[in-house]
Amino acid sequence: MQNLQLAAIFREMADLLEVKGESVYKIRAYRRAAEQLEQLPEELGEVVRSGEIDRVPGFGKALAAKAREFVATGQVADHQALLSEYPAEVRELLRVPGVGPKLADRLFREAGVASLEALEAAAREGRLRGLRGFGPRAEERILAGIEALRRQEGRRGIGEVLPQARWLAAQLEALPQVERVAIAGSLRRWKEEVKDADLVVASGDAEGLVAALRERGLAQEVGGGTARVPLVLPTGLKVDLRVVAPIHFASALHHFTGSKEHHLLLRERARRLGLSISEYGIAQGDGPPESVASEEALYQRLGLAWIPPELREGQEELELAEQGALPRLVTLEDLRGDLHIHTDWSDGRASLEAMVEAARARGYAYVAICDHSPAVRVAGGLEPDRLLAQVERIRRLNQELDGFQVLVGTEVDILADGQLDYPDELLAQLDFVVASIHSHMSQDPETLLERYRKALASPWVDCIGHPTGRLLGRREAMAVPVEALVELAAERGVALEINASPERLDLDSRWARLAARAGVPLAINTDAHHPDHLAFAEYGVGVARRAGLTADQVINAWPPERLLAWIRSRRDRARRR
């Protein structure tokens, strides 16, 4: 929990320092430190006490000192000073998607906006147009951001919640009163945003378990009851513990995994068979429920194949299970490589060699280095001569590697007019090209689609990166008509990316399913900027499984020979058009 708490403090400090106009490098250092804390496998307190905090990537003397201060006192003095300097109203404005730190400061100081309600009223009444650079469209974007904030109120990204749920599950497993623990609910179904976490705990001593929770201080708040125990973790995350007798664990896990729509279909099927189903098991007629040994046994009793949690959404899963036609969903172990990672040649935080070694350590067969193009200046995008130097460096590196291939690639920007940030002559020298939008994201749907259409006129674009541009909880998806983009990708034979970065998860499962059904290949890429980020692949796999994808539909689950043959084939077809 300390890792996540300090990460949240560092992120808030970065936002407030940006409001203050501090150095971009200082701001970036806090954000990078927050990312490191969120991925740090060890407890922060142990890292500090062992003296290893100075060796954590991104932690120089100043940040290491703040980590020690936080472990010792529970707060950071510089953070408290910033909070006193900038009122809560400014921090509230920062929650609105599309309102960055500089804009929040202008709204507060120049327009006197001191709350979400005041911001909404000012935008609706046209009073923001007096600010330099503001017009009707800017006010519309503000109102859309407020609506988006209200829609996601109380929701958190899975990348924030799942590590906390896993931490709590590990703490519970260590308690003598606990026999088994499993994550349930939306998290187990890998929903991309959730309101809280659900855990099912098998215990023969529920009262002792609740007492242990209070004694050990595992939660900030521990509610009453012994069957359902509501918790609030120190990060503010709400958790529902469902405590059941060990004999009921399998049926309870199934019941509390959901979804509601899936259970409605199951109960109707059970009724037709003269059965009833509950968290205690399956009952015949009016008889008492009989416990089940496993979820597989529960589904078998209903004449169905076991349905993976990610597919339990009340769609067509029961029909497929009855017919024995459920897909073999892609798994993390199926992935053979990652086709979108960054190095310190642009805004990555590790060398080319370090990123390659991390990919090899995961058992991958290949990786594509896709550093930014020049238009992304803040990311240190590579000018053409630097990209050519990187090409030569990678070619030499490949000569030293055995059984592993580094693909020379780029994440080339799709500019506002649809042109690519590199000429075709340069892109033709690369093994894999990801094309992405990073700017002018507020364009209307027709303009965005035409932008993609022009970019895909190049035969060298193999994949569209993070196609909707969303950042969970921070930025809404672009207005691009995804159905039309899917048709365009199918026509051009281009892959669409499931960006596995927990802050993106873009495409989401809904659009990934649509793309797969249209015959569009998908790529599960991490967009890694550090070796630790390669572990984000599991989030992308979760999205793909919710979309019903098999390994055959994911290009980086293919062996290298098939992947390279596909790239050559699609480029040849594109050039013949």
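All of the numbers you see were taken from the coordinates with simple rules; none came from a lab. Nothing here was measured: the structure is a model prediction, and the numbers come from that model. Every residue, glycine as well, gets a Cβ built from its backbone with ideal geometry; the counts of neighbours run over all protein chains shown.
Simple rule: put +1 on each Lys or Arg Cβ and -1 on each Asp or Glu Cβ in the stretch 251-323, find the dipole, and look at Leu298, Gln323, Ile277; the Cα lying farthest toward the positive end is Ile277. From most to least packed by mean Cβ count within 10 Å, the peptides 336-347, 508-519, 6-17 give 336-347, 6-17, 508-519.
When DSSP beta bridges are limited to those with both residues in the chain, what percentage is antiparallel, rounded to the nearest 5? Beta bridges within the chain, antiparallel portion: roughly 45 percent. Per-residue ellipticity at 222 nm from helix content only, as computed over the chain with -39500 (n - 2.57) for each DSSP H run of at least four residues, stands at -13500 deg cm²/dmol. Summing +1 for each Lys or Arg and -1 for each Asp or Glu, what net charge is found among the other residues whose Cβ lies under 11 Å from the Cβ of Glu313? Neighbour charge sum, excluding Glu313 itself: +3. List Glu561, Glu497 from most exposed to least, where exposure is judged by having the fewest other Cβ atoms within 10 Å. Lowest to highest Cβ neighbour count: Glu561, Glu497. Taking the fewest neighbouring Cβ atoms within 10 Å as the starting point, the ordered list for Trp167, Trp306 is Trp306, Trp167.
Considering only Cα-Cα distances, which of the following residue pairs are longer than 23 Å: Lys26/Lys66; Lys191/Lys260; Lys66/Lys102; Lys66/Lys238; Lys191/Lys454? Could you put the intermediate results ahead of the total?
Numbers: Lys26/Lys66 14 Å; Lys191/Lys260 14 Å; Lys66/Lys102 25 Å; Lys66/Lys238 27 Å; Lys191/Lys454 33 Å.
Over 23 Å apart, Cα to Cα: Lys66/Lys102; Lys66/Lys238; Lys191/Lys454.
The value for the stretch 2-151 of Rg(Cα) / (2.2 N^0.38 Å) is 1.21.
Across the chain, Cα pairs under 8 Å and at least six residues apart give a relative contact order of 10 percent.
What percent does the relative contact order of the stretch 439-532 come to when contacts are Cα pairs within less than 8 Å and at least six residues apart?
Details: 134 pairs, mean separation 26.1, N = 94.
The normalised contact order for the stretch 439-532 reaches 28 percent.
Pairs of Cα atoms nearer than 8 Å and 6+ residues apart set the relative contact order; for the stretch 156-244 it is 26 percent.
Dipole size of the chain about its Cα centre, with +1 on Lys/Arg Cβ and -1 on Asp/Glu Cβ: approximately 660 debye, rounded to the nearest 20.
Evaluated at q = 0.05, 0.06 Å⁻¹, a Debye calculation over the C-alpha positions of the chain (equal weights, vacuum) places log10 I(q)/I(0) at -0.24, -0.34.
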